[in-house]
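Enquirer: What follows is a single structure, and I will ask about it in a moment.
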Amino acid sequence: MTAKIIDGKAVAAQVRADIAVRVAEIKSKYGFQPGLAVVLVGEDPASQVYVRNKGKQTAEVGMKSIEHKLPVETSEADLLALVDKLNNDDTINGILVQLPLPDHVNAEKVLNTIDPMKDVDGFHPMNVGRLWIGERALVPCTPTGSIILAKSVQENLSGMEAVIIGRSNIVGKPVAQLLLRENCTVTLAHSRTKDLPGVVRRADIVVAAVGIPEFVKGDWIKPGAIVIDVGINRIPKDDGKSRLVGDVAYEEAAKVASAITPVPGGVGPMTIACLLRNTVEAALMQKGLVA
Ligand code: NDP
């Protein structure tokens with residue numbers, strides 16, 4: 001079997017196109033423009049690229065994009081004051097504080113200060129709790145994107161055996177909850193899981209979120225499974241440059257799976273698309289336009 005390659009770039013482009021239509025409808029029907037504020041503290045090069053891309057794609061779908069770039073020495077108090085100001089700004093519907101934050105700032109405190117209704121990253125305990133009890137919530141973006149990709153090849157996931165490798169709050173746990181919502185039978189595996197290859201071999205859907213390059217081997221994959229690779233690992237090459245690989249040994253797994261996401265070009269592009277989706281959702285919730 002040769003797996004279908006799930007084209008994350010194309011699916012993300014479709015999600016953004018749908019959002020652009022919804023934003024235009026919101027403007028004409030309700031007379032306002034949804035707005036996203038992104039806060040960046042310091043000069044981390046990867047964070048700068050993410051923030052630039054977020055701003056660009058926000059504007060492209062017709063939303064208002066605001067960037068606050070603060071020096072690395074910004075105090076926690078000043079950052080909290082900015083979050084408070086954005087919480088109270090009616091023209092801002094989503095607030096994203098780019099991680100990592102400098103060591104002198106308590107990231108948890110900052111994230112927990114964001115109004116849960118504007119928490120487009122879905123990291124606030126209120127949204128985490130609402131997701132777990134099955135209520136409407138703002139859901140973390142990478143997990144949402146992973147599920148959209150799985151559903152792009154199989155709309156109905158009900159009854160499928162899903163194994164997620166990795167139990168972080170950012171990826172593994174929300175993915176587990178979303179797959180439970182899809183009526184999968186869910187196993188959340190981690191570093192203490194016994195016989196991980198055996199556990200993964202049971203899976204109709206494998207989601208790898210481990211952070212170890214090419215960790216999941218081809219002979220762990222059940223023939224015909226759907227493989228969603230969340231991992232992004234930079235590997236040095238002989239010529240001094242680097243290349244990106246996922247947490248799955250792609251070439252091996254692609255021979256066994258029915259569908260697989262590549263790295264790059266799989267889950268990665270979905271994250272910002274889902275952030276934009278969350279911003280629209282947040283705007284509609286704040287205006288009382290959704291239940
Ligand atoms: P974390 O480091 O927070 O979590 C890694 C998880 O993998 C932990 O639960 C850990 O288990 C588990 N793990 C580590 N070693 C093993 C092992 N040997 N066997 C089984 N499980 C193991 O990572 P994240 O969840 O933040 O990220 C995971 C990957 O996803 C990374 O490559 C990251 O770059 C990528 N990522 C991609 C995003 C995107 O596409 N936009 C966004 C976010 C992340 P334990 O809990 O027991 O320690």
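Enquirer: I need the full set of residues from region 84-97 which are surrounded by 21 or more Cβ atoms within 10 Å (Cβ to Cβ) and not hydrophobic (A, V, I, L, M, F, W, C), in order please.
Expert: Across region 84-97, the qualifying residues are 93, 94.
Enquirer: Can you tell me which condition residue 234 does not meet? The list is (1) more than 11 Å from the ligand (Cβ to nearest atom); (2) free of Cβ contacts under 8 Å to residues at least 24 places away in the same chain; (3) open to solvent by 70 Å² or more (accessible area, probe 1.4 Å), and all the others hold.
Expert: The number of the failed condition is (1).
Enquirer: Can residue 157 be described as over 14 Å from the mean Cα position of the chain (by Cα), of a type in the set (A, V, I, L, M) and part of a loop (DSSP other than H, G, I, E, B)? Steps first, answer last, please.
Expert: Values: over 14 Å from the mean Cα position of the chain (by Cα): yes; of a type in the set (A, V, I, L, M): yes; part of a loop (DSSP other than H, G, I, E, B): yes.
Yes; evaluated as a whole, the condition is true for this residue.
Enquirer: Quick check: is even one residue across region 200-208 of a type in the set (A, V, I, L, M), touching a residue at least 24 places away in the same chain (Cβ under 8 Å), touching a His at 6+ places or on another chain (Cβ under 8 Å) and under 20 Å from residue 144 (Cβ atoms)?
Expert: Applying the first criterion (of a type in the set (A, V, I, L, M)) to region 200-208 yields 200, 203, 205-208.
Subset that is touching a residue at least 24 places away in the same chain (Cβ under 8 Å): 200, 203, 205-208.
Those left that are additionally touching a His at 6+ places or on another chain (Cβ under 8 Å): none.
There is no residue in region 200-208 that is of a type in the set (A, V, I, L, M), touching a residue at least 24 places away in the same chain (Cβ under 8 Å), touching a His at 6+ places or on another chain (Cβ under 8 Å) and under 20 Å from residue 144 (Cβ atoms).
Enquirer: Is it the case that region 214-231 has a residue that's within 14 Å of the ligand (Cβ to nearest atom) and small (Gly, Ala, Ser)?
Expert: Looking for residues that are within 14 Å of the ligand (Cβ to nearest atom) and small (Gly, Ala, Ser), one finds at least one in region 214-231, hence yes.
Enquirer: Where in region 41-135 are the helices (runs of 4 or more DSSP H), entirely inside, with at least 3 residues that are more than 22 Å from the chain's Cα centre (by Cα)?
Expert: By residue number, 76-87.
Enquirer: Next question. Among the numbered criteria (1) out of contact with any strand residue (DSSP E or B) (no Cβ under 8 Å at 6 or more places or on another chain); (2) open to solvent by 60 Å² or more (accessible area, probe 1.4 Å); (3) within 16 Å of the ligand (Cβ to nearest atom); (4) closer than 30 Å to residue 116 by Cβ, which single criterion is violated by residue 269?
Expert: So the condition that residue 269 fails would be (2).
The values are calculated or read from the model by the stated rules, or taken from the named source; none is laboratory data. Small disclaimer: the values here were computed from a predicted structure and weren't measured. When we count neighbours, we look across all protein chains shown, and the Cβ atoms used for this are built from the backbone with ideal geometry, even at glycine. The area values use the complete protein model at the heavy-atom level, side chains included, leaving out ligands, DNA and RNA. Shrake-Rupley method; radii C 1.70, N 1.55, O 1.52, S 1.80 Å.
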